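Down below is the structure, laid out as structure tokens.
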């Protein structure tokens, strides 16, 4: 799945020079014509957190930049955090190329340290892709297979080499093998090849300190001629990186040293008190602790064991305490596993910060579900419903509202499959739709079956025997699969509710399809409206050339990253001012039985949500819109519109509805409320 994620602020602001880690990016960067790979890489090395690193990527052509780097500099870039999706394939190819090159140029003993550096800084799905590539090319056994520490590392991460069988022999393999006569040149004498040793020495200085020390041990063992496979002591990696080196680059003290240089005198205390998983989670999730860490990093004039190290140690300890207090020790460990498992998950957390980290844990590592969780305010179990189908808080139709949904609406929408709503360009992949449906199901307040596994197994639905009224209904097979999935989750001890009964599931599914249909209908209406002459438009008459975007990430202090159902931005000629921006929130909510104070309260709450999340000044995080913003990503929203689905869902008492709408207009004047 590839969904455009919209990023949090942190690397640039309107009217300010592009910077990372408080260091200004050189003017004209990146200059691909210069051929200076180190200059292309340099700004990323100053970033103080994965969030800054990921945000900086959104301002450059990352596939081209990674391609322009040599393999070693690409490894250093990859060690800083997750690259964006469109550059991941280029980095994968360079990782494979680098591992093959170091195995041949330096021999397996030196190459093993570099291989560990690459594997430690890669996510599990990236490592899996590297192993598959090497096995497919019959290169795995003669590279990583000769490295005992690497084999152990891979087995610990659930990727033993035995799970990656290599292809059979080919005639060309013999010729390829003859070209590797020099692979052990440095293994027998590290000074026998001056050029290679010089290259090795330069790269050694660019590694974090634990890897430098490991290379020193290898060189010393070879010099004494008592090296044997596995004899080099690499346990220092776990001691210094706590077994979780992902994000290790951000734990440096600003002097090129490793975490051990925080405070030599208090290193033992640091290893005991620092919660390793919590520290790495904090580095990815950002927040005040990350800003304080950046400030500490920039403190000049102090040695590694001085005040700066102690200050950074205190910041890291506080980050660990905060995350363990929030999620518990095991919860933090699970979140770290989620981040390390997939590049996409790490990218998501780096973009969304603490909110995204919590969403990922809530979704048990499922990024698609986490995106939905982050972009929606989950309704309270007290029965406060949430309407619509957009990507922001209060946007998925609540089944509590659908209990009294007119029969006509359900009967026409319940047969629609999820495939009917897929819109790849808008980020509505099947996976995202399944996640949105899953969150709607979890929020239903209707009757459910018990969580008792034995009872659910006895009452398993049978595909070939639907209950009365479900014969021929395509949702029945979907419901059977849903029941099986929920049963499996309960068997695994996951904290989920019992499954909905068939009737409740059918209502929920119909309400979901109804909301998706309304959202699609309104987007089509807006696009048609934009195509009309300006004087004839119903919705977009204030725009010259309106550009209509769905599911746009917008950032506000307090609410964090949210996704507007529709954002309309002026694409017409520049007038020297910020472009006009309006936002739309769609609600497919059954208000037909509400009246008086209950109706007013519901509509005022919806209007306040729309204003709070999509009104005021928004920081637009979609990279493809940046060229329209000119002076930065923050723009004022001229108008917020809340559009309810009408027809049978509209309150029956027209006079009472008018009274309620007038009340909403007085209480929330900056939101325009209409029924469609």
| Do we find that residue 374 is at pLDDT below 70, on the phi < 0 side of the Ramachandran plot and under 13 Å from the mean Cα position of the chain (by Cα) in this structure? | yes
| Out of 203, 183, sole residue that is within 28 Å of residue 70 (Cα to Cα), buried (at least 16 other Cβ atoms within 10 Å of the Cβ) and at pLDDT below 50 | 183
| task | Those residues that are touching a helix residue (DSSP H, G or I) at 6+ places or on another chain (Cβ under 6 Å) and assigned to a helix (DSSP H, G or I), I need them from region 128-144; list them, please. | result | 129, 130, 133, 144
| task | Go over the candidates 539, 512 one by one and state the one that is closer than 27 Å to residue 422 by Cα and assigned to a loop (DSSP other than H, G, I, E, B). | result | 539
| Residue check: is residue 319 modelled with pLDDT under 65 and within 29 Å of residue 563 (Cα to Cα)? | no
| query | How many of the residues in region 449-460 are over 24 Å from residue 434 (Cβ atoms), part of a loop (DSSP other than H, G, I, E, B) and in contact with a helix residue (DSSP H, G or I) (Cβ under 8 Å, 6 or more places away or on another chain)? | reply | 1
| request: Of the numbered conditions (1) under 30 Å from residue 222 (Cα atoms); (2) outside any loop (DSSP other than H, G, I, E, B); (3) modelled with pLDDT of 90 or more, residue 40 fails exactly one; give the number of that condition. | output: (1)
| region 606-622 residues that are closer than 18 Å to residue 591 by Cα, paired with ones that are in a helix (DSSP H, G or I) and modelled with pLDDT of 90 or more (beta carbon under 8 Å, 6 or more apart) | 607/664; 607/667
| Just wondering, is there one or more residues in region 609-623 that are in a helix (DSSP H, G or I), out of contact with any strand residue (DSSP E or B) (no Cβ under 9 Å at 6 or more places or on another chain) and within 25 Å of residue 524 (Cβ to Cβ)? | no
| task | Test residue 172 against the stated conditions and say whether it is assigned to a helix (DSSP H, G or I), at pLDDT below 90 and surrounded by 19 or more Cβ atoms within 10 Å (Cβ to Cβ). | result | no
| Residue satisfying condition, being in contact with a helix residue (DSSP H, G or I) (Cβ under 9 Å, 6 or more places away or on another chain) and assigned by TED's automatic domain parsing to the domain that holds residue 558, within set 621, 655 | 621
| field | Unmet criterion (only one of (1) modelled with pLDDT of 90 or more; (2) under 30 Å from the mean Cα position of the chain (by Cα); (3) assigned to a helix (DSSP H, G or I)) for residue 600 | value | (2)
| message | Taking the conditions exactly as written (surrounded by 13 or more Cβ atoms within 10 Å (Cβ to Cβ), assigned by TED's automatic domain parsing to the domain that holds residue 426 and touching a residue at least 60 places away in the same chain (Cβ under 8 Å)), does residue 506 satisfy them or not? | response | yes
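For (1) surrounded by 15 or more Cβ atoms within 10 Å (Cβ to Cβ); (2) within 30 Å of residue 428 (Cβ to Cβ); (3) in contact (Cβ under 8 Å) with a residue 40 or more places away in the chain, each residue gets a yes or a no:
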| residue | (1), (2), (3) |
| --- | --- |
| 562 | yes, yes, yes |
| 577 | no, no, no |
| 585 | yes, yes, yes |
| 594 | yes, yes, yes |
| 627 | no, yes, no |
| 642 | yes, yes, yes |
| 664 | yes, yes, yes |
| 667 | no, no, yes |
| 673 | yes, yes, yes |
| Could you count how many residues in region 461-484 are farther than 17 Å from residue 506 by Cβ and either outside any loop (DSSP other than H, G, I, E, B) or under 36 Å from the mean Cα position of the chain (by Cα) (or both)? | 1
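The values are calculated or read from the model by the stated rules, or taken from the named source; none is laboratory data. This one's a predicted model, so the numbers in the text were calculated from it and none came from an experiment. Note: ideal-geometry Cβ built from the backbone for every residue, glycine included; neighbour counts use all protein chains shown.
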